[in-house]
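Comments concern the structure below.
The values are calculated or read from the model by the stated rules, or taken from the named source; none is laboratory data. Owing to the predicted nature of the structure, the values given are computational and were not obtained by experimental measurement. Note: ideal-geometry Cβ built from the backbone for every residue, glycine included; neighbour counts use all protein chains shown.
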Amino acid sequence: MPTKPTSPIAAVFEGLEKKYRAGAFAKPTTFYFSLDEEKWTVTLDAKSCRVVKGKATDQADVVLKTSADLFLQMWRGEYQPGAGDFFAGRIKSNDPTALKSFIKAFSG
């Protein structure tokens, strides 16, 4: 019997492997998410999605740092971040465009 996720963020990340659309990323790409106290590393390639709780690499291709609440709003499609979010520091990322591709890789 699977264990229940410990938080709404954990529920998102623990469900990613099943939702991944193979081929969404042709080359291996690693994402590191720092969402308040929760840290997750996700590696996507042409065939699979691998999710690890915590910081599994020091060399992530894409880094996202924001609040857990804001991340959940973006994930659910309830909030579209704009340039102002990045300028104000509410969202920090080295590649905002890749974050959009990340979300698309798991949508129907």
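Might you check whether a residue that is within 13 Å of the chain's Cα centre (by Cα), among the acidic types (D, E) and at pLDDT 95 or above occurs anywhere in region 33-41? Spell out how you get there, then give the answer.
Of the residues in region 33-41, the ones within 13 Å of the chain's Cα centre (by Cα) are 33-35, 38-41.
Still in the running and among the acidic types (D, E): 38.
Okay, now just the ones that are also at pLDDT 95 or above, so 38.
The answer is yes, given that some residue of region 33-41 is within 13 Å of the chain's Cα centre (by Cα), among the acidic types (D, E) and at pLDDT 95 or above.
Report, by residue number, each residue of region 57-87 that is closer than 15 Å to F31 by Cα and either at pLDDT below 95 or polar (S, T, N, Q) (or both). Outline the logic, then answer.
Narrowing region 57-87 to residues closer than 15 Å to F31 by Cα: 57-66, 71, 75.
Scanning region 57-87 gives T57, D58, Q59, T66, W75.
Can you tell me which residue in region 51-78 is surrounded by the fewest Cβ atoms within 10 Å (Cβ to Cβ), limited to those that are touching a helix residue (DSSP H, G or I) at 6+ places or on another chain (Cβ under 7 Å) and part of a strand (DSSP E or B)?
Per the stated criteria, the residue is V51.
Looking at the structure I just gave you, is V63 under 17 Å from N94 (Cα atoms) and touching a Leu at 6+ places or on another chain (Cβ under 8 Å)?
Details: under 17 Å from N94 (Cα atoms): yes; touching a Leu at 6+ places or on another chain (Cβ under 8 Å): no.
So V63 fails the test.
Can you find, within region 15-69, the residue that is farthest from S107 (Cα to Cα) among those that are among the β-branched types (V, I, T) and in contact (Cβ under 8 Å) with a residue 24 or more places away in the chain?
Here is the first cut: in region 15-69, the residues among the β-branched types (V, I, T) are 29-30, 41-43, 51-52, 57, 62-63, 66.
With in contact (Cβ under 8 Å) with a residue 24 or more places away in the chain added as a condition, the list becomes 29-30, 42, 51, 57, 62-63, 66.
Numbers: T29: 18, T30: 18, V42: 16, V51: 17, T57: 26, V62: 19, V63: 20, T66: 21 Å.
In this case the residue turns out to be T57.
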